Structures are given as C-alpha cells and as structure tokens.
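The values are calculated or read from the model by the stated rules, or taken from the named source; none is laboratory data. What you see is a predicted model, and the numbers here were worked out from it, not measured in a lab. Every residue, glycine among them, receives a Cβ derived from its backbone with ideal geometry; neighbour counts consider all protein chains shown. Note: accessible area is taken over every heavy atom of the protein model, side chains too, but ligands, DNA and RNA are not part of it. Shrake-Rupley method; radii C 1.70, N 1.55, O 1.52, S 1.80 Å.
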Amino acid sequence: MVVTPQTLFTGQQLIWLPACPSTNSEAQALIVQNRASEGCTVITDFQSAGRGQRGNQWEGAAAENLMLSVVWQPTFLAPTQQFQLSQAVALGVHDWAAKLLGPDPRLRLKWPNDLYYGDQKVGGILIENTLSGPKIQYSIIGIGLNINQQGFSVRTATSLAKLTGRVYNRAIVAARLLEFLERRYLQLRGVHVDQLRQDYLRVLYRYQETHFFEVDGQTVLGQIVGVEEDGRLAVEIGGKLRRFGLQEIRHV
C-alpha cells in the first residue's frame, strides 16, 4: 500500500511496515546502519511503543491512522535553531490538513507542534535531533495523525473521519503529507524564517486570547503573546511577560 509522493527527496525512499515498536526507532536504526538517504520515510500500520511529547505514549488504532517518521539532514541549522525546524514541520502538517478540511479557523497548531481542531487533538509531532558540533546532523521527524479512527479513550482526541464523515485512503494522504512537509522544509532551507514565523503565529492555538494555564501547580489567567526563537512560549500573566519551556506550562 504505497503511493510515491511528488517530491524531490522526501519519501522517495519509503518503507511501509505492518507493525513496529516505533517508527522513530526504526528510522534511527537505518541511520546507524548508513541505510537512510535524506528524506527516508518509515510508515507503519501499528506502533506498539510510539512516543509523544512530554514522554507520553501515542495511542493509535491499527491500520486506521498515519504513524510515520521522516529522516532529514538539516546541517544548515545550528542547535540553537531547532525550533525553526519544529515550526516548518508543524506548518507542513497544518497545510496538509487545511487542504483536506478546507479553510477553517478551528484548525490550529497547539504549541509547540500539535495539530488541533477546536479543542480536540488530531495529531502530534516528535522531533529527535542528532547534533554534531555546531550543526544538526540528522533529524527524525515523528508524526502521528488520526485519520480513520472513530473511538478514542480521551474526549480531547478526534480524527479526519470523525470531522468529515469520510473514510480516507491512507497511502494517498500519506503521499500528500510528505509533499506538504517538503515544501515547508525547502522554505526553511531557503532561509525564509520570518515567513515561517508569521505563518506559525497566524495559526497558533489560543494566540492573543486570554485563557487559563497551569503553572507551578497553580491555575493562572494569561495570554500567549508570542514564541521566542528558542521555542519558549511567551505568555503575559498578571501584567508581566513570562517565558516557558515545554514542561513548565499547560493549557487548562
């Protein structure tokens, strides 16, 4: 079940596995074995130990969703610029979803890079970078997207099928996803960083809206006002600007 994407390199080396513990782990093994060209993509029908942000496990029903990892070599980025890659990947996923769902203001990117529709999660991204001196040597882009799954153990999850009432051909939507990802990656490689940043803020979940957050075990009222170059979330709380890393703040 493979459809070759119309790309320069992303997904041209395409491996589709019936099952595996983690596509990121499979991609890492290919790198170690020197068998992964740039754009190498591993897709599976089922992950038994898929990883998510904050050390969470990714839940996905077998043969219903998209679970994949892409290998890129962004040697043009310094370790301090890792969030630029995160933005580009997240925007590629958002572009893909917007093409399928049409223009909809409810389709957002929740910091740092989850795909949301309204207040429900459609997908998540986990990027694992290998550093070599002053540059990023390899990046493994792990992406999990809810496609045809109808039932979830948490009410805050949804899928394309639940949103549209359609059943999707996963091979086709996977190929289209890889095309959108490469477009944003090439934009990043072309040093269009300011445009990526503007596009990211334009679709950022709850950007410039007042909402409750959990900080240091307490519920506070704040407003997201931006994202720092290092990826920290800038939030105005009680008239003061504060900056938070991934483990330091949570939407309520």
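Go through the range 183-226 and count every residue that is open to solvent by less than 30 Å² (accessible area, probe 1.4 Å), closer than 23 Å to Lys121 by Cβ, among the aromatic types (Phe, Trp, Tyr) and under 19 Å from the mean Cα position of the chain (by Cα). Selection size over the range 183-226: 2. Pairs are defined by a Cβ separation below 6 Å, a sequence spacing of at least 6 or placement on different chains, a first member in the range 164-184 that is in contact (Cβ under 8 Å) with a residue 40 or more places away in the chain and on the phi < 0 side of the Ramachandran plot, and a second member that is surrounded by 12 or more Cβ atoms within 10 Å (Cβ to Cβ) and of a type in the set (D, E, K, R); the pairs so defined are Phe180/Asp95. Among the candidates Arg166, Arg184, the residue that is of a type outside the set (Gly, Ala, Ser) and either modelled with pLDDT under 95 or within 14 Å of Val93 (Cα to Cα) (or both) is uniquely Arg184. Scanning the range 200-216 for residues that are in contact (Cβ under 8 Å) with a residue 40 or more places away in the chain and either out of contact with any Asp or Glu (no Cβ under 9 Å at 6 or more places or on another chain) or among the polar types (S, T, N, Q) (or both) gives Tyr200, Val203, Leu204, Arg206, His211, Phe212.
Here is a yes/no grid of residues against (1) touching a His at 6+ places or on another chain (Cβ under 9 Å); (2) open to solvent by less than 50 Å² (accessible area, probe 1.4 Å); (3) acidic (Asp, Glu):
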position: Lys110; (1), (2), (3): yes, yes, no
position: Ile125; (1), (2), (3): no, yes, no
position: Gly133; (1), (2), (3): no, no, no
position: Tyr138; (1), (2), (3): no, yes, no
position: Gln149; (1), (2), (3): no, yes, no
position: Ser153; (1), (2), (3): no, no, no
position: Thr158; (1), (2), (3): no, yes, no
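All conditions in (1) open to solvent by 50 Å² or more (accessible area, probe 1.4 Å); (2) in contact (Cβ under 8 Å) with a residue 12 or more places away in the chain; (3) within 19 Å of Ser139 (Cβ to Cβ) hold for Thr10, with the sole exception of (1).
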